[in-house]
Amino acid sequence: MTLSTSDRSLVEPVFRRLNALRILSAEARASLEYAMLEGLERAGSGEDLISEGDPVDSVRVVLSGWLCRYKTLEDGRRQIVNFVFPGESCDAHAYLLSVMDHSIATLTPVIYTEIKRTRFESLVAADRTLAEAFWCETLVNNAVQREWAINLGRRVALERVAHLFCEIFERLRPVGMVDGNSCLMPITQMDLADATGLSVVHLNRTVQELRASGLIVLRERTLTINDLDALKDAALFSPSYLQLYRRS
């Protein structure tokens, strides 16, 4: 397969993300790049890539766009339990379980790649750096879930929203999706409310409080953090759980 510049640009967030966890060998990068470009898929906004209870036989890796992991109660209430950003996998190693325990939906149009289980297992078996990078990503996802549990269980509304903004900013930074002190925020207030366990009214009031304090500007689907350190202080945020710059 001959790769164009646009092809390489499309998969670059994945290598930025994985290299932040483990430096990939040249061989690992080449084999993963080939597999990803063979399995390219597209989905529109508001689509389920996989639903709770579905069997899993592949690994999906996001190249562009935003997704969310969510669960829905019988009465229709939705709780977003994590976001999935470019460069991150939706379900690495989930194929080891019988079925998915949650759903994954697109929040924007997305481009992703789907690597079948047998192909993925061959890739990680052939290169330790690739295997460790994907396992590190799984461990970081577990750490993110613990932080989200603290967010919902112990942080007050302002801390919850501020913490989520800090986390989004820090997770987008290694994949090159931060411009100075700004990043895209292409999701609705309903999405943010479902991620923080707040009503839309309470979420809106909290965002207005952060704006009034001069910490953030949220306008035209862009989040600007005027003082990241101050926002982290307000959120009681430490990025150590994200393991973003580990190189060994």
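So which helices (runs of 4 or more DSSP H) are wholly in region 174-248 and hold at least 1 residues that are over 24 Å from residue 67 (Cα atoms)?
200-212, 228-235
Among the numbered criteria (1) farther than 15 Å from residue 222 by Cα; (2) open to solvent by less than 20 Å² (accessible area, probe 1.4 Å); (3) hydrophobic (A, V, I, L, M, F, W, C), which one does residue 164 miss?
With respect to (1) farther than 15 Å from residue 222 by Cα; (2) open to solvent by less than 20 Å² (accessible area, probe 1.4 Å); (3) hydrophobic (A, V, I, L, M, F, W, C), residue 164 is out only on (1).
So which pairs qualify, if the first residue must be in region 96-108 and over 18 Å from residue 195 (Cβ atoms), the second must be among the hydrophobic types (A, V, I, L, M, F, W, C), the Cβ gap must be under 8 Å, and the two must be at least 6 apart or on different chains?
Close Cβ pairs satisfying both conditions: 97/56; 99/56; 100/50; 100/56; 100/94.
If you go through region 171-199 one residue at a time, how many are surrounded by fewer than 18 Cβ atoms within 10 Å (Cβ to Cβ) and either farther than 25 Å from residue 10 by Cα or of a type outside the set (A, V, I, L, M) (or both)?
Total satisfying the criteria: 12.
Applying the selection to region 74-104, what residues are within 13 Å of residue 48 (Cβ to Cβ) and among the polar types (S, T, N, Q)?
Matches in region 74-104: 103 only.
So, of the residues in region 73-87 that are more than 17 Å from residue 193 (Cα to Cα) and under 22 Å from the mean Cα position of the chain (by Cα), which turns out to be surrounded by the fewest Cβ atoms within 10 Å (Cβ to Cβ)?
It comes out as 85.
For every residue, the table says whether it meets (1) in a loop (DSSP other than H, G, I, E, B); (2) loosely packed, with under 14 Cβ neighbours inside 10 Å; (3) without any contact (Cβ under 8 Å) to a residue 40 or more places away in the chain.
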site	(1), (2), (3)
21	yes, no, no
27	no, yes, no
45	yes, no, no
49	no, no, no
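Just one of 162, 149, 143 is without any contact (Cβ under 8 Å) to a residue 40 or more places away in the chain and assigned to a helix (DSSP H, G or I); which is it?
One residue alone meets the criteria, 149.
Inspect region 200-209 for any residue being closer than 16 Å to residue 170 by Cβ, among the β-branched types (Val, Ile, Thr), open to solvent by less than 30 Å² (accessible area, probe 1.4 Å) and modelled with pLDDT of 95 or more and give the result as yes or no.
Checked against the condition, which is being closer than 16 Å to residue 170 by Cβ, among the β-branched types (Val, Ile, Thr), open to solvent by less than 30 Å² (accessible area, probe 1.4 Å) and modelled with pLDDT of 95 or more, region 200-209 yields no hits at all.
I'm trying to understand the selection: among the residues of region 133-151, which are over 16 Å from residue 90 (Cβ atoms), among the charged types (D, E, K, R) and buried (at least 16 other Cβ atoms within 10 Å of the Cβ)?
Across region 133-151, the qualifying residue is only 147.
I'd like the residue in region 221-238 that is among the hydroxyl-bearing types (Ser, Thr, Tyr) and either in contact with a Cys (Cβ under 9 Å, 6 or more places away or on another chain) or open to solvent by 70 Å² or more (accessible area, probe 1.4 Å) (or both) and, out of all such residues, is nearest to residue 190 (Cα to Cα).
Ranking the qualifying residues of region 221-238, first place goes to 222.
Answer with yes or no whether residue 155 is of a type in the set (D, E, K, R), assigned to a loop (DSSP other than H, G, I, E, B) and buried (at least 17 other Cβ atoms within 10 Å of the Cβ).
The answer is yes for residue 155.
Among (1) part of a loop (DSSP other than H, G, I, E, B); (2) at pLDDT 95 or above; (3) under 24 Å from residue 168 (Cα atoms), which single condition is residue 83 missing?
Tallying (1) part of a loop (DSSP other than H, G, I, E, B); (2) at pLDDT 95 or above; (3) under 24 Å from residue 168 (Cα atoms), residue 83 fails exactly one: (1).
Give region 7-19 a look and list any residue that's open to solvent by 10 Å² or more (accessible area, probe 1.4 Å) and either under 14 Å from residue 174 (Cα atoms) or not acidic (Asp, Glu) (or both), or say none.
The answer is 8, 9, 10, 12, 13, 16, 17, 19.
The values are calculated or read from the model by the stated rules, or taken from the named source; none is laboratory data. Remember, predicted model here, so these are calculated numbers, not experimental data. Quick reminder, even Gly has a Cβ in these numbers, built from the backbone with ideal geometry, and neighbours come from all protein chains shown. Surface areas here come from the heavy atoms of the whole protein model, side chains and all, with no ligands, DNA or RNA. Shrake-Rupley method; radii C 1.70, N 1.55, O 1.52, S 1.80 Å.
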